[in-house]
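Only the coordinates and a few stated rules stand behind these numbers; no lab work does. Because the structure is a prediction, the values reported are computed rather than measured. Here the Cβ positions follow ideal geometry from the backbone for every residue, glycine too, while neighbour counts run over all protein chains shown.
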Amino acid sequence: MRSQTPCRLLAALNASRMLVFLAAALLAVSACAAGIDYRHFNKTFGTKSLKELNSRGWQSIRNNDLDSAAAFYAISISRYCESLPRDEMERVGLALVNTGYIWLFIRNNPEQAYPFLNNALSIGRSHDLPAVKIGAGENLAKIYADYNNYPRAVSLYSEALNEAVARHLDWGVTMTFIDLLSLSATNGRIGDIGPEIATVAAYPFDEAAPMGGYCHHISLAAQQMLSGRFDLAARMLEEASPLLDPQYDTERYQANHRFLTGFAHMKAGDSSRGIASLKEARSMAALHGLPDIMQTVCETLGNAYMAADMPDSAHITRYDALRIRDSLFNTGKYDVIKDLESEAVLSNMRKEITDSRAREEKSRTVVTLVSAGAAVALLLLALLLFNNRRLKASNRELFVKNMELVAVRDVARTERRERPPRSHREELEPVLEKVSETIYSSPEVFSPDFSLGRLSEITGIKTQLISQAIAELTGKNLSALVAERRINRACRLLADPESAGRLTVESIAESVGYKSRTHFSNIFKTHTGLTPTEFIRQARNTP
C-alpha cells in the first residue's frame, strides 16, 4: 500500500529529488512570465484540481495560447509529492511532458525541453505510468534524433513502442512507430528495426483507434522495404494516404507521410515521383512551421536531386538543410549572463509558488531559499567579472598554440604508455605506421560513417590488430586519432579567411565528418580549448 506520509516529511527524506522538480516548475513559470500576471493567474486557478489544470493547459496549446498553457502546467508541476495518488502522479508527469512538448515542437528549443521530459520519464519509470513513459520517451527520442545520436533515439523509441504494445495503448503504438520508421529511413537503417516492424504488423489495433489502420498499413510497407521491394512499398504508402486521420499534429503527420512516400519512390529508382513527394513534404513543413521535418526533407531531397543529375538544385537544397539545422541549434543556446539576470525573476516566482501552495510553511524557509539563490547569483557574477579579462588572454594564447601545432605537424605526438617487449613492438609498429598513413592521407576519414571496420577494409589489417597497435603504441584509441585528424583540418579551414567567410561552421563540421554542430563544437573545444566561433574570432584578430 502507498505510504500516506505527509509531503513535508517526504520532502525532507528526498530533498535532492524534490529540488529537481521544483526547478522544473520554476522553469515552466518562466515560460509564461512575459505575458501573464502570475500572481493573479495563480490566485484564480491555484485551487483547481490537477485534472482541470491539465485539461485547460492542453486546450490552451490547441488554441495557441502558450503562455497560459505553461502557467497551468506550472501549477500542476508545483504539486509534485511522492505521496500523491497514482492518478494524480500521472497528471503531474503529463504536465511535465506537455511543457516539454511546448518547448520542443512549438518553440523549437530542445535544450529547454530536455529537463522537463527527462524528469517526466523518471516519474513514469519509478511509478510505472505508461502514458508518461511513452510521451516522455517519444519526445526525448526526438531530441536525440535531432542531435544525431541515432542509437539513443532508437533505444528510446523502441522502449516507448514496446511499452505501448504491452499496455495495448493504440495511440502510443502509432505515435512511436511512425517516428521510429521515419528516423530509420532517414538514416538508411530500416534493417535495424526489423523486430519492431514485425511487432506492429502483427499488432491487433482496435477498429476505432485513430491512425490504427494507417499504422498497420505502413508497417506492411516497411516489411516490403526490408525485403528490398521499394516499388511495392511506395505503392502501399500511396494507398495508405487516405487512412491518415490524426486527432492532433495533423500537418506534422501529413508532411511526414509524404516524406516516407518520397523516400520509398527514390529507393525504388523512380526519381520523378520521389522528388515530387519530397517537394510536397517540404511545402507542407514550410507552410506549417515544422523546421525539424523541413531539415530532414531537404537533406533527402538534396540527395534525390543529385541522383537525378540535378546538381544545381541539389546544392541549393542541401544549403537549405544546413541553414535550417543551424537555426535549430542556435535556438536553444544560452548565455550565462542572461541566466544570472533571470535569477531575480525566478526567485520572485519561487516565492509566489511557495506562498500559494504552502501557506503553513514558515516564512524564514522562503527567505533562506531566496537569500541563498541571490548569494549564489552574486557570487557567480563576481567570478564571471573577475575571470573575464583572463579568459580573453587565454583564448588568444590557445589560438596561437593551436595554429603553431597545425603549421608544424599534421600528426600530433602523444605520450606513450609503457613500451611492450621489443619483439612485440616490432610486430605492431608497421601496423600503426600503415594505420596512421591511412588516417592522414585517405579522404574517407572525413566521412561520418568512417569506422574501425572501414579502416580494416582499406588497410587489409584485422580490426583487433589495429586496436591493439593504437592502444599499446599511442595510449589512445581510433576515435581519438580520427578526431585529431579532423580537428587539424577544421583548424586550417576556420583560420583561412577565404574559407571562414564562405563556409558556415556547420558546413565545415560536415566536411570533416560531423553531422551535428554541437558534437563538432564539443570535440573541437576539447582539442583546442576554444569553440569554433572563438577560434574564428581569434583568427580574424591575429595578423
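Spacing of the modelled spin labels on THR368 and TYR248, each 7 Å from Cα toward Cβ, amounts to 4.0 nm.
Note on THR463 and ALA166: the extension gain reaches 102.9 nm, defined as 0.36 nm multiplied by sequence separation minus the Cα-Cα distance.
Efficiency by 1/(1 + (r/R0)^6): what FRET value for ASP496 and SER227, r their Cβ-Cβ distance, R0 = 45 Å, to the nearest 0.05? Let's see the in-between values first.
Working: r = 48 Å, r/R0 = 1.07.
It comes out at approximately 0.40.
The alpha-carbon positions of region 168-328 define a convex hull whose volume is 103 Å³ per residue. In plain terms, the C-alpha convex hull of region 422-541 casts an average shadow of 7.8 nm² when viewed from every direction.
So which of LYS267/LYS434; LYS43/LYS142; LYS133/LYS476; LYS51/LYS142; LYS51/LYS515; LYS51/LYS279 end up more than 32 Å apart, counting from Cα to Cα? Too far apart for the 32 Å limit: LYS267/LYS434; LYS43/LYS142; LYS133/LYS476; LYS51/LYS515; LYS51/LYS279.
With a 10 Å Cβ neighbour count serving as the proxy for reagent exposure, in which order, fewest first, do LYS48, LYS133 appear? Each step should come with its number before you reach the end.
Working: LYS48 15, LYS133 25.
Starting with the residue having the fewest Cβ neighbours, the order is LYS48, LYS133.
Each label was represented as a point 7 Å from its Cα along the Cα-to-Cβ direction; for HIS315 and LEU452 these points are 4.0 nm apart.
Could you tell me what fraction of 2.2 N^0.38 Å the Cα radius of gyration of region 125-260 comes to, as a two-decimal ratio? Compactness ratio reported: 0.98.
In plain terms, the residue of LEU180, LEU384 with the fewest other Cβ atoms within 10 Å comes first and the most crowded comes last, giving LEU384, LEU180.
Neighbour counts of other Cβ atoms within 10 Å put LEU493, LEU379 in the fewest-to-most order LEU379, LEU493.
So how much slack lies between ASN63 and ASP37, counting 0.36 nm per residue of separation and subtracting their Cα-Cα distance, in nm? Spell out each step's value before the answer.
Working: separation 26, 0.36 × 26 = 9.36 nm, distance 1.93 nm.
Working it through step by step, the gained length comes to 7.4 nm.
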